[in-house]
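To start, the structure itself, in structure tokens.
Here, each number is a calculation from the coordinates, and none is a lab measurement. Keep in mind the model is a prediction, meaning the values are calculated, not measured. With ideal geometry, Cβ positions are generated from the backbone for all residues, glycine too; neighbour counts draw on all protein chains shown.
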Amino acid sequence: MDIEVNELVTLIERRQSCLQTLATTPESKQELVDTLERPRSTLDDIVRELERSNLVEYEDGKWHLTDLGRQALELHVDYKNRLRSLIEAAPIIDELPRDTAVGCRFLIGADVHVASTPVPDDVIRVVLDAIESARRIRGFTPIAMAGHAEAFYDHVTSKDECQLDVVVPTDVIGRLRDLYPEGTERATSDDRTTFYVGEVPTSFSLWIADDEHAGIIVYTKRGIQGVLVNDAADAVSWATEQYDRVQEDANRVSHPDTDESDTTDAG
């Protein structure tokens, strides 16, 4: 076989239907004619081209994928699916600043929920549904999520056993205390919740639920742009790395009525 990589990519894309048919079960040439609904003369050209590229072989009266053909097809389909994930996430991710990157490890295979209005109650419901059964939630947010902070806290702590750890910038704690003084006091004094203040170097919010799934919320000046949720192990690992990096340098928030200072070292 003497074929360049680009030629192989083009060939697999052009003949993907034939390759996928043979990936399911080997077929004779007549069976391929019937399955693909192609004239026999056209099918002759197709299998001859694939055979020359060592993607298929003829054995016991049927056409089979070679090892190269099977693995190349799997990689080709996986690559297209990954690109499709990036395309689907683009309406949300494109709203982020250029210096705020969300890794492909998180984007690939993510469920995408684009907000349909500037007041996206349906998208917030996605977040609340995602954390419905979680017992431990870690995350960070660069903004106060006005109008949704109390609903999020109440939803998380509605279970008997739960733990909520959140990192926010210093000014956000102040804003929460101004907007929701009673709710913020209740949250900061709750043994089930731990707030940290520190630098949040992203313009999106992030959460991790029970190490089983992770999600991000992306904002614009108009409100929430959308939510991405992913339960793949690599996505959760990426999210955990982001959280650990932010939480490591943050300080724990003490209850304002205690004798302690407002913050103590996270370690």
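Between residue 52 and residue 237, how high is the FRET efficiency from 1/(1 + (r/R0)^6) when r is the Cβ-Cβ distance and R₀ = 41 Å? Nearest 0.05.
On the way: r = 42 Å, r/R0 = 1.02.
So the FRET efficiency works out to roughly 0.45.
Given the options 91, 142, 181, state which has the largest fluctuation in a GNM of the chain using a 10 Å cut-off (strictly under) for Cα springs.
Greatest mean-square fluctuation among the candidates belongs to 181.
Eigenvalues of the Cα gyration tensor times 5, then square-rooted: what semi-axes does that give for the chain, in whole angstrom, largest first? Walk me through the intermediate numbers first.
On the way: eigenvalues 567, 56, 53 Å².
Listed largest to smallest, the semi-axes of the chain are 53, 17, 16 Å.
Between 22, 36, 73, find the one with the highest GNM mean-square fluctuation for the chain; connect C-alpha pairs within less than 10 Å.
36
At 7 Å along Cα-to-Cβ for each site, give me the label-to-label distance between residue 186 and residue 37 in nm.
Computed distance between label sites residue 186 and residue 37 equals 6.1 nm.
Spin-label point model (7 Å from Cα, Cβ direction): what's the residue 44 to residue 67 distance in nm?
3.3 nm
What does the convex hull of the alpha-carbon atoms of the range 5-74 project to on average, in nm²?
Orientation-averaged projected area of the Cα hull: 4.2 nm².
Where a ≥ b ≥ c are the square roots of the eigenvalues of the C-alpha gyration tensor, would you call the range 48-192 rounded, which needs a/c under 1.5, or, failing that, prolate if a/b is larger than b/c, or oblate?
On the way: a/c = 3.77, a/b = 2.77, b/c = 1.36.
Prolate, since a/c reaches 1.5 and a/b exceeds b/c.
Could you tell me the calculated FRET efficiency between residue 16 and residue 116, based on Cβ-Cβ distance and R0 = 30 angstrom, to the nearest 0.05?
Efficiency for this residue pair is about 0.30.
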